[in-house]
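The values are calculated or read from the model by the stated rules, or taken from the named source; none is laboratory data. Bear in mind that the values here come from a model prediction, so they are computed numbers and not experimental data. Reconstructed Cβ throughout: ideal geometry from the backbone, glycine too, with neighbour counts over all protein chains shown.
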Amino acid sequence: MSDIEQSRKALLRRVLDGDGRASSLERRSAFDNSGLVGPLCELVDKVASNARSVGEEDFRRARQSGLSEDQIFELVVCAAIGQATRQYDAARAALEAARRN
Amino acid sequence: MRLQILDSGHSFGTKALFALIRTASRQPVLDVIKLVKYRSDFYGKPMSKVTQEAMRGPSSWSVGDRELMAAFVAKTNQCEFCIKAHSAVADLAYSGEKNVAELLCDPSIAGIGEPLRATLHMIGKLTREHAVDADDMRTVLAAGASIQQIEDALSICFSFNVIGRLADSFDFSVPSPDAFLAGAKYLLARGYR
(Lines give C-alpha, C1' and ligand atoms only; values in the text may rest on other atoms or scores of the structure.)
Protein backbone atom coordinates (compact mmCIF):
# COMPACT_ATOMS: atom_id res chain seq x y z
CA MET A 1 0.00 0.00 0.00
CA SER A 2 1.34 3.44 -0.90
CA ASP A 3 2.16 6.03 1.77
CA ILE A 4 -0.79 8.15 0.77
CA GLU A 5 -3.19 5.24 1.00
CA GLN A 6 -1.94 4.50 4.50
CA SER A 7 -2.30 8.17 5.43
CA ARG A 8 -5.81 8.32 4.02
CA LYS A 9 -6.85 5.25 6.00
CA ALA A 10 -5.23 6.72 9.14
CA LEU A 11 -7.32 9.89 8.63
CA LEU A 12 -10.50 7.82 8.36
CA ARG A 13 -9.62 5.78 11.45
CA ARG A 14 -8.93 8.95 13.42
CA VAL A 15 -12.13 10.81 12.62
CA LEU A 16 -14.38 7.75 12.86
CA ASP A 17 -12.89 5.60 15.61
CA GLY A 18 -10.66 7.92 17.67
CA ASP A 19 -11.66 10.06 20.63
CA GLY A 20 -14.27 12.69 19.92
CA ARG A 21 -16.95 14.88 21.44
CA ALA A 22 -19.59 13.39 19.12
CA SER A 23 -20.20 9.67 19.49
CA SER A 24 -18.60 7.22 17.07
CA LEU A 25 -22.09 6.32 15.85
CA GLU A 26 -22.91 9.98 15.07
CA ARG A 27 -19.57 10.45 13.29
CA ARG A 28 -20.11 7.30 11.22
CA SER A 29 -23.63 8.44 10.34
CA ALA A 30 -22.33 11.87 9.25
CA PHE A 31 -19.59 10.17 7.23
CA ASP A 32 -22.15 7.92 5.53
CA ASN A 33 -24.76 10.72 5.27
CA SER A 34 -27.23 8.17 6.51
CA GLY A 35 -29.31 7.46 9.61
CA LEU A 36 -29.47 11.04 10.91
CA VAL A 37 -32.63 12.99 11.67
CA GLY A 38 -33.59 16.63 12.18
CA PRO A 39 -31.34 19.66 11.72
CA LEU A 40 -28.17 17.59 11.77
CA CYS A 41 -29.45 15.46 8.89
CA GLU A 42 -30.06 18.60 6.81
CA LEU A 43 -26.66 20.10 7.63
CA VAL A 44 -24.74 16.91 6.87
CA ASP A 45 -26.62 16.36 3.61
CA LYS A 46 -25.83 19.90 2.47
CA VAL A 47 -22.14 19.49 3.32
CA ALA A 48 -22.04 16.28 1.29
CA SER A 49 -24.17 17.24 -1.68
CA ASN A 50 -23.73 21.02 -2.07
CA ALA A 51 -21.60 22.72 0.56
CA ARG A 52 -22.22 26.14 -0.98
CA SER A 53 -25.83 25.87 0.16
CA VAL A 54 -24.85 25.62 3.85
CA GLY A 55 -25.91 28.74 5.74
CA GLU A 56 -25.86 30.36 9.17
CA GLU A 57 -29.34 28.99 9.78
CA ASP A 58 -28.14 25.40 9.41
CA PHE A 59 -25.56 25.95 12.15
CA ARG A 60 -28.05 27.80 14.35
CA ARG A 61 -30.52 24.94 14.13
CA ALA A 62 -27.81 22.37 14.84
CA ARG A 63 -26.85 24.31 18.00
CA GLN A 64 -30.50 24.60 19.02
CA SER A 65 -30.86 20.83 18.74
CA GLY A 66 -28.39 20.56 21.62
CA LEU A 67 -25.13 19.95 19.79
CA SER A 68 -21.99 21.73 20.99
CA GLU A 69 -19.70 23.58 18.59
CA ASP A 70 -17.10 20.82 18.97
CA GLN A 71 -19.65 18.18 18.04
CA ILE A 72 -20.76 20.19 14.99
CA PHE A 73 -17.11 20.68 13.99
CA GLU A 74 -16.47 16.93 14.10
CA LEU A 75 -19.66 15.98 12.28
CA VAL A 76 -19.13 18.51 9.46
CA VAL A 77 -15.57 17.22 9.03
CA CYS A 78 -16.85 13.63 8.89
CA ALA A 79 -19.52 14.58 6.34
CA ALA A 80 -16.95 16.22 4.04
CA ILE A 81 -14.50 13.34 4.31
CA GLY A 82 -17.28 10.81 3.77
CA GLN A 83 -18.48 12.36 0.52
CA ALA A 84 -14.91 12.75 -0.81
CA THR A 85 -14.24 9.11 0.11
CA ARG A 86 -17.29 7.86 -1.79
CA GLN A 87 -16.16 9.77 -4.87
CA TYR A 88 -12.60 8.50 -4.50
CA ASP A 89 -13.68 4.89 -4.08
CA ALA A 90 -16.03 5.10 -7.09
CA ALA A 91 -13.23 6.51 -9.24
CA ARG A 92 -10.75 3.86 -8.09
CA ALA A 93 -13.29 1.15 -8.98
CA ALA A 94 -13.79 2.73 -12.43
CA LEU A 95 -10.04 2.80 -12.98
CA GLU A 96 -9.74 -0.83 -11.98
CA ALA A 97 -12.57 -1.76 -14.39
CA ALA A 98 -10.83 0.14 -17.22
CA ARG A 99 -7.56 -1.61 -16.42
CA ARG A 100 -9.16 -5.08 -16.54
CA ASN A 101 -10.86 -4.54 -19.91
CA MET B 1 -16.34 31.44 10.40
CA ARG B 2 -19.61 29.88 11.47
CA LEU B 3 -18.10 28.22 14.55
CA GLN B 4 -16.62 30.48 17.19
CA ILE B 5 -14.25 27.74 18.33
CA LEU B 6 -12.53 27.87 14.92
CA ASP B 7 -11.97 31.62 15.26
CA SER B 8 -10.92 31.87 18.87
CA GLY B 9 -10.95 28.47 20.55
CA HIS B 10 -7.29 27.61 19.99
CA SER B 11 -4.73 26.87 22.69
CA PHE B 12 -2.51 29.63 24.07
CA GLY B 13 0.48 28.33 22.09
CA THR B 14 -1.48 28.31 18.83
CA LYS B 15 -2.72 31.85 19.47
CA ALA B 16 0.90 32.92 19.99
CA LEU B 17 1.79 31.26 16.67
CA PHE B 18 -1.02 33.17 14.95
CA ALA B 19 0.33 36.44 16.39
CA LEU B 20 3.74 35.57 14.99
CA ILE B 21 2.26 34.79 11.56
CA ARG B 22 0.38 38.11 11.53
CA THR B 23 3.52 40.02 12.47
CA ALA B 24 5.86 38.26 10.04
CA SER B 25 3.50 38.21 7.04
CA ARG B 26 1.63 41.45 7.81
CA GLN B 27 -1.47 39.54 6.74
CA PRO B 28 -4.38 38.01 8.65
CA VAL B 29 -4.17 34.32 9.50
CA LEU B 30 -6.08 32.45 6.79
CA ASP B 31 -9.16 30.58 7.96
CA VAL B 32 -7.78 27.33 6.54
CA ILE B 33 -4.87 27.65 9.01
CA LYS B 34 -7.29 28.29 11.87
CA LEU B 35 -9.18 25.13 10.88
CA VAL B 36 -6.17 22.81 10.71
CA LYS B 37 -4.78 24.18 13.98
CA TYR B 38 -7.99 23.65 15.95
CA ARG B 39 -7.76 20.34 17.87
CA SER B 40 -5.26 19.38 15.20
CA ASP B 41 -5.05 15.76 16.28
CA PHE B 42 -8.64 15.25 15.08
CA TYR B 43 -8.48 16.67 11.56
CA GLY B 44 -5.54 19.01 10.89
CA LYS B 45 -2.58 16.70 11.38
CA PRO B 46 -3.90 13.56 9.66
CA MET B 47 -5.44 15.58 6.81
CA SER B 48 -2.28 17.64 6.29
CA LYS B 49 -0.30 14.41 5.93
CA VAL B 50 -2.65 13.19 3.18
CA THR B 51 -2.54 16.53 1.38
CA GLN B 52 1.24 16.89 1.69
CA GLU B 53 1.75 13.48 0.07
CA ALA B 54 -0.75 14.25 -2.70
CA MET B 55 0.65 17.70 -3.47
CA ARG B 56 4.37 17.35 -2.73
CA GLY B 57 5.05 13.63 -2.60
CA PRO B 58 6.59 11.61 -5.45
CA SER B 59 4.61 12.04 -8.69
CA SER B 60 5.29 12.57 -12.36
CA TRP B 61 2.87 15.51 -12.24
CA SER B 62 4.70 18.76 -11.56
CA VAL B 63 3.84 20.87 -8.51
CA GLY B 64 2.24 23.39 -10.88
CA ASP B 65 0.10 20.66 -12.48
CA ARG B 66 -1.04 19.46 -9.06
CA GLU B 67 -1.91 22.97 -7.87
CA LEU B 68 -3.81 23.49 -11.14
CA MET B 69 -5.79 20.30 -10.39
CA ALA B 70 -6.54 21.57 -6.87
CA ALA B 71 -7.75 24.88 -8.29
CA PHE B 72 -9.80 23.05 -10.92
CA VAL B 73 -11.59 20.96 -8.29
CA ALA B 74 -12.27 24.21 -6.41
CA LYS B 75 -13.54 25.86 -9.59
CA THR B 76 -15.90 22.94 -10.19
CA ASN B 77 -17.18 23.23 -6.62
CA GLN B 78 -17.33 27.03 -6.99
CA CYS B 79 -15.33 27.43 -3.78
CA GLU B 80 -14.01 30.98 -4.00
CA PHE B 81 -11.44 30.65 -1.21
CA CYS B 82 -9.86 27.52 -2.69
CA ILE B 83 -9.92 28.82 -6.28
CA LYS B 84 -7.97 31.93 -5.29
CA ALA B 85 -5.63 30.12 -2.93
CA HIS B 86 -4.56 27.40 -5.37
CA SER B 87 -4.59 29.58 -8.50
CA ALA B 88 -2.04 31.72 -6.70
CA VAL B 89 0.18 28.72 -5.94
CA ALA B 90 -0.17 27.36 -9.50
CA ASP B 91 0.77 30.77 -10.94
CA LEU B 92 3.91 30.84 -8.83
CA ALA B 93 4.79 27.21 -9.54
CA TYR B 94 4.40 27.67 -13.32
CA SER B 95 6.38 30.93 -13.15
CA GLY B 96 3.95 32.55 -15.55
CA GLU B 97 4.46 29.92 -18.27
CA LYS B 98 0.78 28.98 -18.22
CA ASN B 99 -2.32 31.14 -17.89
CA VAL B 100 -3.95 29.49 -14.91
CA ALA B 101 -7.08 31.68 -14.93
CA GLU B 102 -7.80 30.83 -18.57
CA LEU B 103 -7.13 27.12 -18.03
CA LEU B 104 -9.59 27.01 -15.14
CA CYS B 105 -12.29 28.51 -17.34
CA ASP B 106 -11.54 26.21 -20.26
CA PRO B 107 -8.96 23.42 -20.04
CA SER B 108 -9.53 22.74 -23.74
CA ILE B 109 -7.41 25.77 -24.70
CA ALA B 110 -3.81 25.33 -25.78
CA GLY B 111 -1.02 25.34 -23.25
CA ILE B 112 -1.16 21.96 -21.56
CA GLY B 113 -0.56 18.43 -22.74
CA GLU B 114 -3.29 15.92 -23.52
CA PRO B 115 -2.72 13.75 -20.40
CA LEU B 116 -3.24 16.74 -18.10
CA ARG B 117 -6.19 18.05 -20.10
CA ALA B 118 -7.97 14.69 -20.02
CA THR B 119 -7.20 14.29 -16.31
CA LEU B 120 -8.69 17.72 -15.56
CA HIS B 121 -11.87 16.80 -17.41
CA MET B 122 -12.12 13.52 -15.49
CA ILE B 123 -11.64 15.03 -12.01
CA GLY B 124 -14.04 17.81 -12.98
CA LYS B 125 -16.72 15.25 -13.82
CA LEU B 126 -15.98 13.27 -10.65
CA THR B 127 -16.34 16.44 -8.54
CA ARG B 128 -19.46 17.67 -10.34
CA GLU B 129 -21.33 14.36 -10.69
CA HIS B 130 -19.77 12.46 -7.74
CA ALA B 131 -18.94 9.52 -10.03
CA VAL B 132 -17.05 8.50 -13.16
CA ASP B 133 -17.12 5.22 -15.07
CA ALA B 134 -14.65 2.93 -16.81
CA ASP B 135 -15.14 4.74 -20.13
CA ASP B 136 -14.09 8.01 -18.50
CA MET B 137 -10.92 6.32 -17.29
CA ARG B 138 -10.25 4.77 -20.70
CA THR B 139 -10.43 8.26 -22.21
CA VAL B 140 -7.76 9.51 -19.80
CA LEU B 141 -5.57 6.47 -20.45
CA ALA B 142 -5.95 6.90 -24.21
CA ALA B 143 -4.83 10.52 -23.83
CA GLY B 144 -1.53 9.23 -22.49
CA ALA B 145 -1.91 9.47 -18.71
CA SER B 146 -0.50 6.52 -16.80
CA ILE B 147 -2.37 4.52 -14.18
CA GLN B 148 -0.12 6.07 -11.53
CA GLN B 149 -0.81 9.59 -12.78
CA ILE B 150 -4.55 8.94 -12.57
CA GLU B 151 -4.20 7.55 -9.05
CA ASP B 152 -2.17 10.62 -8.06
CA ALA B 153 -4.83 12.91 -9.52
CA LEU B 154 -7.57 11.06 -7.60
CA SER B 155 -5.69 11.67 -4.35
CA ILE B 156 -5.57 15.40 -5.12
CA CYS B 157 -9.25 15.31 -5.98
CA PHE B 158 -9.98 13.64 -2.64
CA SER B 159 -8.09 16.25 -0.62
CA PHE B 160 -9.69 19.24 -2.30
CA ASN B 161 -13.18 17.82 -2.23
CA VAL B 162 -12.74 17.64 1.54
CA ILE B 163 -11.13 21.06 1.96
CA GLY B 164 -13.53 22.86 -0.39
CA ARG B 165 -16.56 21.46 1.43
CA LEU B 166 -15.15 22.62 4.75
CA ALA B 167 -14.27 26.07 3.38
CA ASP B 168 -17.84 26.61 2.23
CA SER B 169 -19.51 24.96 5.21
CA PHE B 170 -17.51 26.89 7.80
CA ASP B 171 -17.67 30.03 5.61
CA PHE B 172 -13.99 30.86 5.21
CA SER B 173 -13.50 34.58 4.67
CA VAL B 174 -11.86 35.52 1.38
CA PRO B 175 -8.94 37.85 2.12
CA SER B 176 -7.02 40.24 -0.13
CA PRO B 177 -4.88 39.12 -3.10
CA ASP B 178 -1.80 40.04 -1.03
CA ALA B 179 -2.84 37.58 1.67
CA PHE B 180 -3.30 34.82 -0.92
CA LEU B 181 0.08 35.64 -2.43
CA ALA B 182 1.73 35.38 0.99
CA GLY B 183 -0.03 32.04 1.53
CA ALA B 184 1.00 30.81 -1.92
CA LYS B 185 4.66 31.61 -1.28
CA TYR B 186 4.49 29.67 1.97
CA LEU B 187 2.78 26.64 0.38
CA LEU B 188 5.27 26.58 -2.48
CA ALA B 189 8.26 26.78 -0.15
CA ARG B 190 7.02 24.63 2.75
CA GLY B 191 4.17 22.53 1.44
CA TYR B 192 1.17 21.42 3.48
CA ARG B 193 2.85 20.13 6.65
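Scanning region A:7-33 for residues that are at the interface with chain B (Cβ under 10 Å from one of its Cβ atoms) and over 12 Å from A:G82 (Cβ atoms) yields a count of 10. Scanning region A:34-69 for residues that are of a type in the set (S, T, Y), under 16 Å from the mean Cα position of the chain (by Cα) and either over 23 Å from B:E129 (Cβ atoms) or more than 9 Å from every other protein chain (Cβ to nearest Cβ) (or both) gives a single hit, A:S34. When region B:46-70 is examined, which residues are found to be acidic (D, E) and closer than 22 Å to B:K98 by Cβ? If the condition is that a residue be acidic (D, E) and closer than 22 Å to B:K98 by Cβ, then B:D65, B:E67 are the ones that fit. Selection within region B:1-26: residues that are in a helix (DSSP H, G or I) and within 14 Å of another protein chain (Cβ to nearest Cβ). The member of this set that is surrounded by the fewest Cβ atoms within 10 Å (Cβ to Cβ) is B:Q4.
What about A:A10, is it crowded, with 20+ Cβ neighbours inside 10 Å, at pLDDT 95 or above and within 20 Å of B:F42 (Cβ to Cβ)? No, not satisfied. Taken together, A:A91, A:A51 contain a single residue that is closer than 22 Å to B:F42 by Cβ and modelled with pLDDT of 95 or more, which is A:A51. Being under 18 Å from A:E26 (Cα atoms) and small (G, A, S) is the filter; apply it to region A:42-83 and report the residue that is surrounded by the fewest Cβ atoms within 10 Å (Cβ to Cβ). Taking the candidates together, the pick is A:G66. Being among the charged types (D, E, K, R), crowded, with 21+ Cβ neighbours inside 10 Å and more than 8 Å from every other protein chain (Cβ to nearest Cβ) is the filter here, so list the residues in region B:39-68 that pass it. Result: B:D65, B:R66, B:E67.
Within region B:27-38, the set of residues being surrounded by 19 or more Cβ atoms within 10 Å (Cβ to Cβ) and assigned to a loop (DSSP other than H, G, I, E, B) comprises B:V29, B:L30, B:Y38. When each of B:L141, B:L126, B:L154, B:L187 is tested for being under 18 Å from B:M47 (Cα atoms) and modelled with pLDDT of 95 or more, the lone residue that passes is B:L154. Determine, yes or no, whether A:G66 is assigned to a helix (DSSP H, G or I) and not basic (K, R). So A:G66 does not fit the description; no. Looking across region B:100-132, the residues that are over 17 Å from the mean Cα position of the chain (by Cα), surrounded by fewer than 16 Cβ atoms within 10 Å (Cβ to Cβ) and not hydrophobic (A, V, I, L, M, F, W, C) come down to B:E102, B:D106, B:S108, B:G111, B:G113, B:E114, B:E129.
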